[in-house]
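The values are calculated or read from the model by the stated rules, or taken from the named source; none is laboratory data. Because the structure is predicted, anything quoted here is derived from the model rather than measured. All Cβ positions, glycine included, derive from the backbone under ideal geometry; neighbour counts span all protein chains shown. Accessible surface is based on the protein model in full, side chains and every heavy atom, while ligands, DNA and RNA are left aside. Shrake-Rupley method; radii C 1.70, N 1.55, O 1.52, S 1.80 Å.
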Amino acid sequence: MTGPVIQDPLFDLLLRFRMHSVALVADIEKMYLQVKVHHDDTSLLRILWRFSLSEPIATYEMSRVTFGLAPSSFLATRCLQQLAHDEGDQYPRANAALVHDFYVDDFIGGANSEEQAILLRRELDQLLPKGGFRLRKWVSSSEAVLAGLSAEDLGTTSTLSFDQERVKTLGINWQPGPDSLGIDVSGLAVSGQWTRRKIYSVVAQLFDPTGITAPVIAWAKIRMQLLWVATQGWDDPLPPDLDKQWADFYQQLPLLSNIKINRHAFTDKPALT
């Protein structure tokens, strides 16, 4: 059984991410493997294995939550919730973040000043280890917030300079230096004649939870419906007029990379009218 959803919806996290003056993200290292399975349940995690063909097959039982099982996400997430309940009173900022700003192993949050963001990071670094978890891959829109962290704990290849780096956070293409959001379509590669299968594959990869490119994606999804009338099978070639439409659409997709919006959706100095 998968268990109930006990974390805030992804869209809520992304909206709150845009509210903070200073952005701060990280993820939990090997989150699932930090959670022990109760001994009464390890019999449900049996595997058959042998290290060579000459050895007899042995039966093992996993003692840790394993990636890929239906309940894994809930079990690990539930441990985070319990950690907040048991130890969070001493760390009010981290406690609130643990309950509301985590999506499975991804922390996506921030604060309204560098000072508050530093306190939040420090509290998270103190609270998470009490449950056996370690945060890493820290990234922020402010270099000062990450001062003192080792290079291995940073989420970019450079130490504290993120001007030319992009970080994918829950489907968002975020550029921490200018603190902007965009969409990355560089991984879309199609060859040969257009078919219904290829088009569905391309459109499915246009993941944009913030809606930055919603008009473009809506155009594609509306015209996907025509493919069911125009073709019989998934791999049938498209009629010439539809083939040209989708070829033009695909050629223009790289232009989406030019679209940038401010990550921070508010201003400290609103214009007076």
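Some points to look at:
- Within the accessible surface of the chain, defined with a 1.4 Å probe on protein heavy atoms only, the carbon and sulfur portion equals 55 percent.
- Once the mean of 1/r is taken over each pair of separate Cα atoms and inverted, segment 215-273 shows a Kirkwood hydrodynamic radius of 14.8 Å.
- The Cβ shell under 14 Å around residue 34 holds other residues with a net charge of +4, Lys and Arg each +1, Asp and Glu each -1.
- Formal net charge of residues neighbouring residue 80 (Cβ-Cβ distance under 12 Å; K, R +1; D, E -1): -3
- On full extension, the segment bounded by residue 229 and residue 205 gains 6.3 nm, given 0.36 nm per residue less the C-alpha separation.
- Helix-only CD estimate at 222 nm, as mean residue ellipticity for the chain, using -39500 (n - 2.57) per DSSP H run (n ≥ 4): -10000 deg cm²/dmol
- On the beta carbon distance between residue 257 and residue 78, with R0 = 30 Å, the FRET formula returns roughly 0.20.
- Summed over the residues of the chain and divided among them, the accessible surface reaches 58 Å² per residue at a probe radius of 1.4 Å.
- Across 36/168; 137/221; 30/130; 221/244, pairs whose alpha-carbon gap is larger than 27 Å: 36/168; 137/221
- Length available on full extension from residue 46 to residue 2: 0.36 nm per residue minus the Cα-Cα distance, which gives 14.0 nm.
- Using the Cβ-Cβ distance between residue 55 and residue 153 with R0 set to 41 Å, the FRET efficiency from 1/(1 + (r/R0)^6) comes to roughly 0.55.
- Take each peptide in 234-240, 72-78, count the other Cβ atoms within 10 Å of every residue, and average; sorted highest first, the result is 72-78, 234-240.
- Taking all pairs of distinct alpha-carbon atoms in the chain, Kirkwood radius in angstrom: 21.8
- Binned Cα-Cα distances of segment 1-132, short to long, each 10 Å bin given as a whole percent: 12, 36, 28, 14, 8, 2, 0
- Annotation for segment 200-273: trypsin sites (Lys or Arg not before Pro) lying in DSSP loop with at most 15 further Cβ atoms inside 10 Å of their Cβ are 260.
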